[in-house]
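Undergrad: Before we start, here is the structure in question, set down as structure tokens.
Bear in mind these aren't lab numbers, they're just calculated from the coordinates by the rules spelled out. The model shown is predicted, which means the values in this text are computed figures rather than measured ones. Cβ atoms come from the backbone with ideal geometry, glycine included; neighbour counts cover every protein chain shown.
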DNA sequence: CTATAGATAATCT
DNA sequence: GATTATCTATAGG
């Protein structure tokens with residue numbers, strides 16, 4: 001079991017988004033395996049950072065390896081990892097986990113029984129892990145966060161991002177191929 | 001299985 | 001005032 005350091009995130013955001021699949025993410029010991037991510041680049045009309053720094057997105061312009069947490073649709077927190085090579089403004093939305101640690105705690109927070117939809121969506125996983133604005137702009141190599149490197153190569157699926165109205169053609173969604181814990185399946189091929 | 005409405009509030013124009 | 005990197009319940013095929 002190898003800890004992931006902040007240097008992991010000091011690379012191109014598309015590379016990091018792909019490499020995050022299979023990484024274990026824990027918040028206060030609760031969490032699981034990353035099975036779905038989306039990259040948001042600074043020069044990307046779909047990104048919050050597209051129009052430059054604001055009070056909300058300022059943590060995306062900070063150092064790599066830190067969190068960016070924001071409220072979506074007035075009720076769901078979304079967790080992002082900041083990743084860039086010194087220029088700032090890019091991040092990765094964590095869209096789904098395969099639950100492995102603290103299943104009972106996650107089920108209690110979510111108010112549901114089965115494991116299938118505990119963390120299968122960006123709003124769902126933040127509720128399961130207890131992530132809110134209180135975890136914004138925090139480093140990922142220190143508590144309450146704990147990241148472990150993946151232990152084997154995994155089949156990666158790629159496709160267009162979900163829920164956006166700009167730059168819908170960019171294939172910047174990455175996932176663990178065939179995982180039952182994805183927020184939505186990937187199309188076979190186009 | 002797909003489609004759609006409604007909830008609900010920060011953020012930005 | 002409009003938009004939004006979502007989720008859930010419900011209705012229909």
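Undergrad: Which of A:21, A:94 comes first, and how do the rest follow, when ranked by fewest Cβ neighbours within 10 Å?
TA: Neighbour counts put them in this order, fewest first: A:21, A:94.
Undergrad: When the Cα atoms of segment A:6-176 are enclosed in a convex hull and the volume is divided per residue, what value in Å³ results? Walk me through the numbers on the way to the answer.
TA: Details: hull volume 18.3 nm³, N = 171.
Per residue, the Cα convex hull of segment A:6-176 comes to 107 Å³.
Undergrad: Here is a further query. Counting only C-alpha contacts under 8 Å and six or more residues apart, can you give the relative contact order of chain A as a whole percent?
TA: For chain A, the relative contact order is 29 percent.
Undergrad: Still on this model: May I ask for the distance between the Cα centers of segment A:165-190 and segment A:61-82, given as a whole number of Å?
TA: Rounded to whole Å, the Cα centres lie 20 Å apart.
Undergrad: Also: What value, in deg cm²/dmol to 500, does the helix sum -39500 (n - 2.57) over DSSP H runs of n ≥ 4 give at 222 nm once divided by the residues of chain A?
TA: Only helices count here, giving -3000 deg cm²/dmol.
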